[in-house]
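*Asks:* Sharing a structure with you now.
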Amino acid sequence: MLGCLFAFPPISMFPALYSYADLGPIALRLALAAIFFVHGPPKLSGKMGPFMAAVGLAETVGAVSVFLGLFTQIGAILLGAIMVGATYKKISEWHIPFTAMDKTGWEFDVLILAACVLLLLVGPGAYSLDALIG
């Protein structure tokens with residue numbers, strides 16, 4: 001049913017940009033990979049415990065997957081699961097509000113989760129190893 005919603009391009013002020021639509025997923029993949037490349041590898045040392053080392057491994061493997069566009073949907077599931085856990089911890093255990101001026105709320109966690117959901121549903125795009133392999 002949802003496929004019929006996308007049968008015709010939506011009304012746009014810049015219809016010429018539709019010809020660049022394949023650049024959207026790669027831009028999202030690179031930004032998402034950069035976030036997890038920064039946060040994943042430091043956890044691999046095990047100094048924060050074995051659970052956080054496993055989280056760091058999942059973040060790093062997910063970031064490589066998303067960056068290369070190889071098994072992208074699996075990488076998106078890994079990273080999305082991490083973001084669900086991070087959001088849960090911020091809300092339930094740390095009692096952090098959605099947004100706060102004195103600390104990072106969980107609004108960015110939800111945004112990263114939405115990016116993971118988009119990659120899961122839409123796929124990696126034309127500029128990916130997944131697309132090259134077929």
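The values are calculated or read from the model by the stated rules, or taken from the named source; none is laboratory data. For clarity, every value in this text was computed on a predicted model and none was experimentally measured. Note: ideal-geometry Cβ built from the backbone for every residue, glycine included; neighbour counts use all protein chains shown.
*Asks:* Can you name the residue in the stretch 1-27 that is modelled with pLDDT under 90 and surrounded by 10 or more Cβ atoms within 10 Å (Cβ to Cβ) and is also nearest to D130 (Cα to Cα) among such residues?
*Replies:* Among those residues, the one meeting the criterion is Y18.
*Asks:* Quick one: which residue in L78, L121 is surrounded by fewer than 17 Cβ atoms within 10 Å (Cβ to Cβ) and of a type outside the set (D, E, K, R)?
*Replies:* L121
*Asks:* On the given criteria, is T104 of a type in the set (S, T, N, Q), out of contact with any helix residue (DSSP H, G or I) (no Cβ under 8 Å at 6 or more places or on another chain) and either within 18 Å of L28 (Cβ to Cβ) or modelled with pLDDT under 95 (or both)? Break it down stepwise before answering.
*Replies:* Working: of a type in the set (S, T, N, Q): yes; out of contact with any helix residue (DSSP H, G or I) (no Cβ under 8 Å at 6 or more places or on another chain): yes; either within 18 Å of L28 (Cβ to Cβ) or modelled with pLDDT under 95 (or both): yes.
Spelling it out, T104 is indeed of a type in the set (S, T, N, Q), out of contact with any helix residue (DSSP H, G or I) (no Cβ under 8 Å at 6 or more places or on another chain) and either within 18 Å of L28 (Cβ to Cβ) or modelled with pLDDT under 95 (or both).
*Asks:* If the requirement is being more than 30 Å from S19 (Cβ to Cβ) and within 18 Å of the chain's Cα centre (by Cα), which of these qualifies: G85, G80, G49?
*Replies:* Details: G80 fails: more than 30 Å from S19 (Cβ to Cβ); G49 fails: within 18 Å of the chain's Cα centre (by Cα).
Exactly one of G85, G80, G49 is more than 30 Å from S19 (Cβ to Cβ) and within 18 Å of the chain's Cα centre (by Cα), namely G85.
*Asks:* Also: Within the stretch 50-63, can one find any residue that is exposed (fewer than 11 other Cβ atoms within 10 Å of the Cβ), at pLDDT below 95 and among the aromatic types (F, W, Y)?
*Replies:* No, the stretch 50-63 contains no residue that is exposed (fewer than 11 other Cβ atoms within 10 Å of the Cβ), at pLDDT below 95 and among the aromatic types (F, W, Y).
*Asks:* Return the total of residues in the stretch 101-134 being of a type in the set (D, E, K, R) and not in a loop (DSSP other than H, G, I, E, B). Full working, then the answer.
*Replies:* Applying the first criterion (of a type in the set (D, E, K, R)) to the stretch 101-134 yields 102-103, 107, 109, 130.
So of that shortlist, the ones also not in a loop (DSSP other than H, G, I, E, B) come out as 107, 109, 130.
Here the count works out to 3.
*Asks:* Something else: Name the pairs whose Cβ atoms lie under 6 Å apart, with the first residue in the stretch 58-75 and within 19 Å of A27 (Cβ to Cβ), the second polar (S, T, N, Q) and assigned to a loop (DSSP other than H, G, I, E, B), and 6 or more positions between them or separate chains?
*Replies:* That search, which allows pairs on different chains as well, returns G69/S128.
*Asks:* Only one of these is among the basic types (K, R) and either at positive phi or surrounded by 14 or more Cβ atoms within 10 Å (Cβ to Cβ) (or both): K103, K90. Name it. Please lay out each step first, then the result.
*Replies:* Details: K103 fails: either at positive phi or surrounded by 14 or more Cβ atoms within 10 Å (Cβ to Cβ) (or both).
Exactly one residue qualifies, and that residue is K90.
*Asks:* Please verify whether the stretch 116-128 includes one or more residues that are more than 17 Å from the chain's Cα centre (by Cα), closer than 28 Å to S19 by Cα and at pLDDT 95 or above. Can you show your working first?
*Replies:* At the first step, the residues of the stretch 116-128 found to be more than 17 Å from the chain's Cα centre (by Cα) are 126.
Keeping just the survivors that are closer than 28 Å to S19 by Cα gives 126.
Narrowing the set further to residues that are at pLDDT 95 or above leaves 126.
There is at least one residue in the stretch 116-128 that is more than 17 Å from the chain's Cα centre (by Cα), closer than 28 Å to S19 by Cα and at pLDDT 95 or above.
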